[in-house]
1. Stretched out fully, how many nm does the piece from Asp29 to Thr128 gain, at 0.36 nm a residue minus the Cα gap?
2. Would you look at the GNM of the chain, springs on alpha carbons closer than 10 Å, and say which of Leu179, Leu200, Leu91 moves the most?
3. Only bridges whose two residues both fall in region 3-78 count here: according to DSSP, what percent of them are antiparallel, nearest 5?
4. Within 9 Å, Cβ to Cβ, of Leu31, how many net charges do the neighbouring residues add up to if Lys/Arg are +1 and Asp/Glu are -1?
5. Between Pro57, Pro148, Pro16, where does the largest GNM mean-square fluctuation fall for the chain, given springs only between Cα atoms within less than 10 Å?
6. Among all the lysines, which ones have a C-alpha under 29 Å from Lys101's C-alpha, if same-chain residues fewer than 8 places away are not counted?
7. Match the structure shown to one of the listed values [x] 16.8; [y] 21.2; [z] 15.9 of mean projected area of the Cα convex hull in nm², computed from it, and give that label.
8. Using a Förster radius of 22 Å, what is the FRET efficiency between Glu283 and Val145 based on their Cβ-Cβ separation? Nearest 0.05, please.
Amino acid sequence: MFDEEIAFEVDVRLLPTWRRHARIVASFDALAIGEAMRIVSDHEPRPLKGDFERLRPGQFVWLQSMLGNDIWEVLLRRITESPIETLAHLLARSALFSVAKATTIEALERSATRREIARNESLCEQGTPWPHLGLVLRGGLRAIVTSPLGREHALYDVLSGESFGILDTIDGGVASARLIGITESTHVAIFPRSVVRTILQDDLRVARAVNAQLAQRLRMVIDRFTAQTSLPTIGRVATALLPHASPAAGLSKALPSLDGVTQGDLAVAAGTVKEVVNRSLAELEAGGAIERIAGRIVRLNRESLTQIVANAFPGEAAG
């Protein structure tokens, strides 16, 4: 959304994963304040974002897009030399409001309500009125839908700097999914639907950002649906583990985002049940894709997990 300001592009698809992050961080450090770079990768760049939040906190705007199978783009803008934790600054760093007018930021600040959500605590329930748009300030949420038979399916995650409640804000309907915390403590800001709708009429750049975010959510849901209807169970479990895998070579310590993730969480992400997940984890461990200590996953092999997903085929019975 700031194409005119792109200073250069870094396509890391031909680089080994363990060499990518250092190359990208070095390129980011070469940017002047206000300049941006485009990153092209072949997997979801959640581990890279985690590195930036740890190494360059408060110094970037992150706009992430899934453009197709195994094609991900990140537009990364350098904005400040030191972290600032005011709500205005966090709004200006977010995917929806990084291009907002000053009057838009002011209106959001005036109307904001802050909440703190514990792991697995519900922020809103599927099918209930929830007239708000929200922004994750720190931590993360997961959107989950429940089938008539009671099985839960994860749709997508909402990470720091990302928004939720967009669909419900646009069409005025009830909450399309249940939102739960996926970190020990998730901080959010929520804004009344009426305020956001007024902003969308007045701030065309924010309206365009909302359209882009809705398109991304649809792509993510289609991708998740395709995986759950075509991949065998082991492929779906491997897919659920990949965002927590380090880019380092071989079996490497899992990223902090895996801390606290249970077999029940993996079952929801993979669209199956805990007993089936346990069998898949045993198979992954036997193949050297993961390592467990006392039942807890401590190390992951990104290359092995990626290969399992790539080689999975529709033919095994779904779990």
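The numbers here are math on the coordinates, done by the rules we state, and not lab data. On a predicted model such as this, the values are computed, not experimentally measured, just so you know. Quick reminder, even Gly has a Cβ in these numbers, built from the backbone with ideal geometry, and neighbours come from all protein chains shown.
1. Working: separation 99, 0.36 × 99 = 35.64 nm, distance 4.52 nm.
Contour length minus the Cα-Cα distance gives 31.1 nm.
2. Leu200
3. Values: 14 of 19 bridges.
Close to 75 percent.
4. Details: positive: Arg77, Arg78; negative: Asp29, Glu35.
In short, 0.
5. For the chain, modelled as a Gaussian network with Cα springs under 10 Å, the answer is Pro148.
6. Lys49
7. [z]
8. Values: r = 27 Å, r/R0 = 1.25.
For Glu283 and Val145, the calculated efficiency is 0.20.
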